[in-house]
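In what follows, a structure is listed as structure tokens, so that the remarks can point back to it.
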Ligand code: NAD
């Protein structure tokens, strides 16, 4: 199967690092024009340069916007060309005990992880429907199914994305626009590497080894028994954005390394 998205424009939110960057690079490799989003001009420029180094022919642009609030999302929408593929990747996570999570924490997670996708979908999907083709992908998490006791605030937002994705898929049924969510398991992104850095330095082990230990300690049902790479997650997203994935809509697609112990 050869995925060719030449002529399509994709927005990948929060794509200066981590999973978002790998998705942006993966989509650029298929010929799509990709809009890279980050919160600072320097991070966006660095990401653009990294992709251009790997893919000199890539068609790219950058859009600086903080998606944790309505003004930031509005500024991004105002700067966008017509978008055919929307990947709602922006998301924050971190361990906080439920009894320490105040309203401001809940609000920040809700705005960043859920409302950014609501606002962007509301603004961009009607034109996709009019054109008769579009792809929307929400980057949820296996934590939306296996709610982590030490990240309830995060799990709630990731479950909400599944509901949003399924509902929106129904709302645009029959239009040629598909809406899906992708559920990564523990993935060795910049964010996870940062979380594990102290242990890496303390133990003198490689980042991959520390990540594998983290996975087996916190997600012992993992079948791959290691963290996924960002490229492994991006591969699923690129597929679901492809023209070939036209019969997949309203689905929750796992790239969780088998962490969710379920047969469907
Ligand atoms: P990351 O922390 O490695 O990268 C996130 C990127 O988002 C960074 O470049 C950061 O600068 C940017 N960002 C953060 N807040 C932003 C904002 N308000 N506006 C714009 N950009 C912003 O993250 P990641 O691990 O790649 O996670 C990406 C997505 O994947 C998230 O939605 C996360 O919930 C999901 N996910 C990650 C894992 C994992 O193990 N890494 C597992 C399951 C799901």
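No value in this document is a laboratory result; all are computed from the given coordinates. Note that this is a predicted model, so its numbers are computed, not measured. Please note: Cβ atoms are built from the backbone with ideal geometry, for glycine as well, and neighbour counts cover all protein chains shown.
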Note to self: What distance in nm lies between label points placed 7 Å from Cα along the C-beta direction at residue 218 and residue 163?
What the structure shows: 2.5 nm
Note to self: Give me 139, 23 sorted ascending by neighbouring Cβ count inside 10 Å, so fewest comes first.
What the structure shows: 139, 23
Next item on the list: Can you pull the one-decimal nm distance between simple spin-label points at residue 4 and residue 246, each 7 Å off the Cα toward Cβ?
Entry: 1.5 nm
Next item on the list: Grab the Cα-Cα distance for residue 95 and residue 152, subtract it from 0.36 nm times how many residues apart they are, and report the gain in nm with one decimal.
Entry: 19.6 nm
Next item on the list: Once you have the Cα-Cα distance between residue 71 and residue 193, take 0.36 nm times their residue separation minus that, and quote the gain in nm to one decimal.
Entry: 40.9 nm
Item checked: Compactness index (Cα Rg / 2.2 N^0.38 Å), the chain -> 0.97
Check: Order of 39, 122 from fewest to most other C-beta atoms within 10 Å?
Finding: 122, 39
Check: What percent does the relative contact order of the chain come to when contacts are Cα pairs within less than 8 Å and at least six residues apart?
Finding: 19 percent
Check: With the contact rule set at Cα under 8 Å and sequence spacing of 6 or more, what percent relative contact order holds for region 156-233?
Finding: 27 percent
Note to self: Just to verify a number: FRET efficiency for residue 105 and residue 203, C-beta to C-beta distance, R0 = 22 Å, to 0.05?
What the structure shows: 0.15
Notebook entry, point to check: For the pair residue 231 and residue 59, what calculated FRET efficiency results from E = 1/(1 + (r/R0)^6), where r is the Cβ-Cβ distance and R0 = 25 Å, to the nearest 0.05?
Noted result: 0.75
Next item on the list: Measure of size requested: the Rg and Dmax of region 66-112, with Cα atoms as the atom set and Å as the unit; please supply both.
Entry: 13.9, 43
Next item on the list: Compare 37, 88, 69 in a GNM of the chain, Cα atoms joined below 10 Å, and give the one with the largest fluctuation.
Entry: 69
Notebook entry, point to check: With the contact rule set at Cα under 8 Å and sequence spacing of 6 or more, what percent relative contact order holds for region 188-227?
Noted result: 34 percent
Notebook entry, point to check: Ranking 236, 216 by Cβ neighbours within 10 Å, fewest first, what do you get?
Noted result: 216, 236
Check: For region 188-227, what Kirkwood radius comes out of the mean inverse Cα-Cα distance, in Å?
Finding: 10.0 Å
Check: Rounded to the nearest 500 deg cm²/dmol, what is the calculated helix-only ellipticity per residue at 222 nm for the chain, with -39500 (n - 2.57) per DSSP H run of length n ≥ 4?
Finding: -14000 deg cm²/dmol
